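Participant: This is the structure I have questions about; it appears just below.
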Amino acid sequence: MSELRKVAPNAGAYVSESDFFQQRWQEAYWGPNYAKLLKIKQRYDPDGLFTVRHGVGSEAWSADGFTRKD
């Protein structure tokens, strides 16, 4: 992956075939829509019940997804 990132450092990614270690995943997967999606997520899922690795709002959880960071 490091060689590909040298050629295309700001390339996006396809979530269904994602890299577990994706850097800047909010931008790579969701682009400029992330802030709006996060607001929607917080409105309809305020407790963060529905979370997946690198999903919208998942930065509030530990890497394994079992513990809230707050």
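Participant: Counting just the residues of segment 36-70 that are aliphatic (A, V, I, L, M), in contact with a helix residue (DSSP H, G or I) (Cβ under 9 Å, 6 or more places away or on another chain) and farther than 24 Å from ALA8 by Cβ, which one comes out modelled with the highest pLDDT?
Facilitator: LEU38
Participant: Let me ask you something else. Would you point out which residue out of ASP47, ASP19 is exposed (fewer than 10 other Cβ atoms within 10 Å of the Cβ), free of Cβ contacts under 8 Å to residues at least 40 places away in the same chain and of a type in the set (Asp, Glu)?
Facilitator: Answer to the check: ASP47.
Participant: Here is a further query. Scan segment 24-48 for residues that are of a type in the set (Asp, Glu) and within 25 Å of ARG5 (Cβ to Cβ) and jot them down.
Facilitator: Of everything in segment 24-48, just one residue is of a type in the set (Asp, Glu) and within 25 Å of ARG5 (Cβ to Cβ), namely GLU27.
Participant: Just for segment 1-16: of the residues that are loosely packed, with under 13 Cβ neighbours inside 10 Å and aliphatic (A, V, I, L, M), which one is modelled with the highest pLDDT?
Facilitator: The selected residue is VAL7.
Participant: Restricting the search to segment 54-68, which residues are surrounded by 11 or more Cβ atoms within 10 Å (Cβ to Cβ) and β-branched (Val, Ile, Thr)?
Facilitator: Residue satisfying the conditions is VAL56 alone.
Participant: Just to be sure I understand, how many residues within segment 25-70 are in contact with a Leu (Cβ under 7 Å, 6 or more places away or on another chain) and of a type outside the set (Val, Ile, Thr)?
Facilitator: Total satisfying the criteria: 2.
Participant: Quick check on my filter: what residues within segment 34-70 are within 18 Å of SER18 (Cα to Cα) and either of a type in the set (Val, Ile, Thr) or part of a helix (DSSP H, G or I) (or both)?
Facilitator: TYR34, THR51, VAL52, VAL56, SER58, GLU59
The values are calculated or read from the model by the stated rules, or taken from the named source; none is laboratory data. This is a predicted model, so every value here is computed, not measured. Cβ coordinates were reconstructed from backbone atoms using ideal geometry, including for glycine residues, and neighbour counts include every protein chain displayed.
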